[in-house]
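Each value in this text was obtained by applying a stated rule to the coordinates, not by laboratory testing. This structure is a prediction, so every number in the text was calculated from the model and none was measured. Glycine gets a Cβ as well: all are built from the backbone with ideal geometry, and neighbour counts include every protein chain shown.
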Amino acid sequence: MSRSAHPAGPRHADVLPEGHYFAPPADLNALDPKVWARTVTRTDTGAVSVGGLDVGALAEEFGTPAYVLDESDFRARCRAWHQAFGGEADVFYAGKAFLSRAVVRWLHEEGLNLDVCSAGELATALAAGMPAERIALHGNNKSTEEIRRAVEAGVGRIVLDSFQEIVRVAHIAERLGKRQRVQIRVTVGVEAHTHEFIATAHEDQKFGIALAGGQAAEAVRRALKLDGLELIGIHSHIGSQIFDMAGFEVSARRVVQLLADIRDEHGVELPEIDLGGGLGIAYTSDDDPREPHEIAASLTSIVTRECQAAGLAVPRISVEPGRAIVGPTAFTLYEVGTVKVLEGLRTYVSVDGGMSDNIRTALYDAEYSVSLVSRASDAEPMLVRVVGKHCESGDIVVRDAFLPADIAPGDLIAVPATGAYCRSMASNYNHALRPPVVAVNDGAARVIVRRETEEDLMRLDVG
Ligand code: LLP
């Protein structure tokens with residue numbers, strides 16, 4: 001589906017009130033493999049299946065709304081990232097995208113490491129058996145307690161984010177009689193957005209320590225002096241949902257330059273660099289993400305080239321994809337409750353979830369696609385807005401999309417590419433019960449995060 005300026009003679013139903021025109025997809029029953037998990041197909045009955053299971057049966061067994069996650073796709077993406085660098089880099093899955101004990105176990109089995117950014121994520125990782133040395137702790141304001149727990153557990157690295165934290169981590173490590181491996185997170189002066197990147201002279205954000213003005217060099221000077229720290233590398237994360245590799249290239253170049261400056265000043269060659277996460281995925285058919293091997297080749301070649309030019313040994317690279325691993329592996333399954341036609345305006349299709357299970361549309365104006373999955377339909381495409389059941393007009397799941405004109409209460413529809421930052425950012429607004437995450441694999445389904453209950457909702461109430 002593509003959004004364009006109003007062409008001559010559009011069909012009335014395809015014109016948005018804002019004056020944009022949407023072309024319906026050629027076949028509404030088709031499922032674009034770019035946005036759907038790998039095992040999703042439409043079967044002969046017209047219904048959609050995932051992992052060999054019919055979505056209608058899944059809805060019956062687990063209820064709706066539900067996040068349905070394709071475990072084999074998740075594992076395949078882990079392996080693709082792992083293999084992309086030929087074992088010459090470390091892949092840290094960013095747990096903020098979606099984390100549960102089952103996910104931690106899959107990561108462990110597939111040879112990935114894990115990036116956590118809170119005590120809660122750390123606790124989940126450790127509880128599910130991720131070896132501490134394969135965990136990295138992030139955060140721009142880690143508490144003393146979070147740092148203590150991480151150092152005590154023996155995490156492989158803590159990514160230092162401020163001058164205060166350099167001292168704080170060093171003191172805690174020394175008190176515990178340890179030397180903590182750390183990286184320093186720098187802000188390289190590149191701000192990346194979807195489809196574009198803007199080089200900024202000055203940083204204006206809360207993360208990291210600026211390269212500009214020699215701040216990062218000063219942080220390195222201080223870290224190298226402290227006995228409680230073993231400075232192993234430099235970290236840079238430039239943004240999210242990025243398609244353009246140019247931002248990563250600028251970032252890699254500047255990080256390598258810092259490594260060269262460190263060598264010149266201190267006679268030390270730091271052995272690692274981390275280029276962060278942020279790689280984009282397809283939310284609609286208009287998006288064209290890169291494959292992990294292309295990304296790996298591009299990052300490796302730029303780092304190698306820059307290091308050769310600077311006379312440095314090539315450091316070990318690590319990356320932190322979150323969305324690019326889990327995002328495409330899940331879809332949200334909803335049941336349609338009402339279809340409201342506002343003549344000459346818009347058609348609203350209401351589902352049994354909404355902004356409590358996917359805040360991204362309301363928060364970032366994120367675009368999604370949607371399909372009727374409980375049956376096939378030959379009806380004409382109808383431009384609709386898919387909305388939730390919350391008490392807000394901004395409770396939009398999919399802003400503009402085509403569904404068959406015979407869409408009706410009781411139909412199941414699904415929004416693909418909801419594996420990242422949907423369950424992890426879900427809320428209990430209006431006392432909604434957060435949906436379960438159902439993992440499907442090879443004809444079997446199991447709940448890896450159960451649906452909340454009303455008891456759960458009241459568990460924290462006192463009195
Ligand atoms: N590493 C660091 C240091 C990060 O801050 C992040 C994301 C990642 C890795 C993983 O980024 P990913 O590959 O998943 O894009 N809630 C927003 C995304 C916030 C991302 C925050 N940091 C969203 O729903 O789009």
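Annotations for the structure displayed:
- Taking other C-beta atoms within 10 angstrom as a stand-in for reagent exposure, R157, R263 fall in the order R263, R157, fewest first.
- Region 138-321, Cα convex hull volume normalised per residue, Å³: 119
- Added length on full extension, which subtracts the Cα-Cα distance from 0.36 nm per residue, R38 to A379: 120.1 nm
- Restraint check, K34/K389; K34/K96; K178/K225; K142/K178; K34/K340; K96/K389, Cα-Cα greater than 21 Å: K34/K389; K34/K96; K34/K340; K96/K389
- Under the membrane-span-like helix rule (DSSP H runs whose alpha carbons stretch at least 18 Å along the helix axis, mean Kyte-Doolittle hydropathy -0.5 or higher), the chain yields 163-175, 246-266, 292-310.
- Shown for C78, C391: other C-beta atoms within 10 Å of each C-beta, ranked fewest to most, produce the order C391, C78.
- Spatial separation of Cα centroids for region 365-423 and region 70-87, in angstrom: 29
- Fraction of antiparallel bridges per DSSP, the chain only, in percent to nearest 5: 50
- Pairs of Cα atoms nearer than 8 Å and 6+ residues apart set the relative contact order; for the chain it is 20 percent.
- Kirkwood Rh, Cα atoms: Rg over Rh of the chain: 1.01
- Sorting 423-431, 279-287 by average packing, meaning the other beta carbons within 10 Å per residue, from highest down gives 279-287, 423-431.
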